[in-house]
1. Of all residues in region 108-122, which are surrounded by 15 or more Cβ atoms within 10 Å (Cβ to Cβ), within 16 Å of Ala56 (Cβ to Cβ) and out of contact with any His (no Cβ under 9 Å at 6 or more places or on another chain)?
2. Does Val107 qualify as being hydrophobic (A, V, I, L, M, F, W, C) and in contact with an Asp or Glu (Cβ under 9 Å, 6 or more places away or on another chain)?
3. Report, by residue number, each residue of region 50-65 that is buried (at least 16 other Cβ atoms within 10 Å of the Cβ) and among the polar types (S, T, N, Q).
4. For Thr117, state whether it is in contact (Cβ under 8 Å) with a residue 60 or more places away in the chain, within 18 Å of Ser51 (Cβ to Cβ) and in a strand (DSSP E or B).
5. State which residue is surrounded by the most Cβ atoms within 10 Å (Cβ to Cβ) when the search covers only region 69-100 and only residues that are polar (S, T, N, Q) and in contact with an Asp or Glu (Cβ under 8 Å, 6 or more places away or on another chain).
Amino acid sequence: MSTQGNLAKKAMVYGFFIAVIAASGITLALGAAVAEIDKALAQQQLQNQISLPHKAKGHESHQVITFQNASDGVRYSGTVTFNLSKPADIISFDDITGKQPSNTTKVWEVGDKMFATKTLLKNVTQGSVNFNGSGITAHSTQSDPYNGTFTLNDAPISNNNSSR
């Protein structure tokens, strides 16, 4: 009988130990989920910026507000909602460094990088637009700075570093 009692006690201790480990795993998983939600909410916070001179060759006298900046090979999908103090074009761009652009593609050269551009909205001061690309910006051909507020809700959809 005492052998059965000892086995029952050991089984109970092991069962308790397994329950503690399982509960710890659930707690870690919930913590990771909360961190992802916090990250998503942070992306959606209203941001305020003043435009800066554009760094693209031939566009140095233009002004831009960058909603999503390019990150080495990462592409994003999302929505930006914005309000600008002066009209600008909303342009998404893709990093095509090391690739041959088509004859119809407008390209920005920034340092040693090349970006294919796609105009999503022209001459606007406010709105909301979906985009896919390495980044998205409000681009004005005027040289005087302007203000902008925006909310960005996007997520990385791919990393193109492996294709280079």
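1. Lys113, Met114, Phe115, Ala116, Lys118
2. Considered against the rule, which asks whether it is hydrophobic (A, V, I, L, M, F, W, C) and in contact with an Asp or Glu (Cβ under 9 Å, 6 or more places away or on another chain), Val107 comes out as no.
3. Ser51, Gln63
4. Answer is no for this residue.
5. In this case the residue turns out to be Thr97.
Only the coordinates and a few stated rules stand behind these numbers; no lab work does. Note that this is a predicted model, so its numbers are computed, not measured. Using ideal geometry, Cβ is built from the backbone for each residue, glycine included, and neighbour counts are taken over all protein chains shown.
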